[in-house]
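A.B. asks: Provided herewith is a single structure, encoded as structure tokens, for subsequent inquiry.
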Amino acid sequence: MAGMLEGKTAIVTGSSKGIGYAIAEAMAREGANVVVSARDEAEVQAAAKRLDALGSGNVAAVRCDMRKHDDVRQLVAAAMDLGGLDVLVNNAGVGRFGTVDEMSPEHWHQVIETNLTGVYYACHEAIPRLRERGGGWIINIGSLAGKNPFAGGAAYNASKFGLLGFSEAMMLDVRDEGIRVCCIMPGSVDTHFNNKEPSPENAWMIQPQDVARLVMELLAFPENALPSRIEIRPSRPRKRA
């Protein structure tokens with residue numbers, strides 16, 4: 001039985017683990033061709049090998065630093081080698097935290113260039129390809145930190161506030177061409193983000209598979225409607241002491 005994404009090609013950035021891998025896995029199981037990427041060559045190759053056995057589509061692995069435009073061009077080119085581009089999921093992100101006077105310029109640029117400029121690079125390269133296919137999806141994985149500032153979060157908040165504004169302006173630019181844009185804004189997710197380890201103790205958190213399910217539901221959404229911003233948070237957050 002053919003999956004719902006049979007014949008479609010998707011790019012998922014930051015997809016060697018966590019939310020990105022869960023999204024890539026869900027798409028592969030539905031028959032999509034999937035291009036996975038990460039900065040670590042070994043990790044992205046291992047992820048692609050696991051995904052390749054799951055569905056009928058092809059899987060390509062691309063080592064990609066989203067801060068480098070040439071890397072992102074190669075990422076989109078890999079999708080074209082699989083037949084075209086129908087879905088772009090911008091998931092890659094980093095977190096550096098600290099007060100403005102403490103944060104080094106290097107860390108500031110790493111956050112802004114990965115979480116915001118890298119998304120611009122990907123969309124800049126992807127939109128003409130999506131246009132060639134007659135439309136498609138751009139799904140940006142943001143954060144509730146894109147509307148809720150917190151102490152020590154100046155760089156991260158700036159990147160995610162910016163991503164939300166970028167997403168919604170871009171949505172207005174391209175929706176008449178059949179390209180739908182959504183920014184998904186999760187709260188606490190049990191992933192490796194910021195050097196943490198997933199743990200059974202974090203079962204109260206959103207799980208990567210929860211975000212993946214939301215992405216799949218978006219892809220199946222009626223064409224006449226566009227959920228352009230989605231917030232998702234734990235149903236029962238752990239109470240602070």
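A.B. asks: Has segment 85-98 got at least one residue that is within 26 Å of LEU5 (Cα to Cα) and over 12 Å from the mean Cα position of the chain (by Cα)? Lay out the reasoning, then the answer.
C.D. replies: To start, the set of residues in segment 85-98 that are within 26 Å of LEU5 (Cα to Cα) comprises 85-93.
Add one more test, that the residue is over 12 Å from the mean Cα position of the chain (by Cα), and what stays is 85-86.
For segment 85-98, residues within 26 Å of LEU5 (Cα to Cα) and over 12 Å from the mean Cα position of the chain (by Cα): present.
A.B. asks: Scan the strands (runs of 3 or more DSSP E) fully inside segment 29-117 and keep the ones with 1 or more residues being of a type outside the set (Ser, Thr, Tyr), over 30 Å from GLU168 (Cβ atoms) and in contact (Cβ under 8 Å) with a residue 12 or more places away in the chain. Write out each step before concluding.
C.D. replies: On the way: elements: 33-38, 59-63, 87-90.
It comes to 59-63.
A.B. asks: Kindly list the number of the only condition in (1) at pLDDT 95 or above; (2) assigned to a helix (DSSP H, G or I); (3) over 15 Å from VAL89 (Cβ atoms) that fails for ASN194.
C.D. replies: That leaves (1) as the condition not met.
A.B. asks: Here is a follow-up. Which numbered condition trips up PRO227, out of (1) within 18 Å of the chain's Cα centre (by Cα); (2) surrounded by 14 or more Cβ atoms within 10 Å (Cβ to Cβ)?
C.D. replies: (2)
A.B. asks: Would you point out which residue out of GLU168, GLU201, GLU197 is of a type in the set (D, E, K, R), surrounded by 13 or more Cβ atoms within 10 Å (Cβ to Cβ) and out of contact with any Lys or Arg (no Cβ under 6 Å at 6 or more places or on another chain)? Lay out the reasoning, then the answer.
C.D. replies: Working: GLU201 fails: surrounded by 13 or more Cβ atoms within 10 Å (Cβ to Cβ); GLU197 fails: surrounded by 13 or more Cβ atoms within 10 Å (Cβ to Cβ).
After ruling out the rest, the residue left standing is GLU168.
The values are calculated or read from the model by the stated rules, or taken from the named source; none is laboratory data. Predicted model only: the values in this text are computed from it and were never measured. Heads up, the Cβs are rebuilt from the backbone with ideal geometry, glycines too, and the neighbour counts pull from every protein chain shown.
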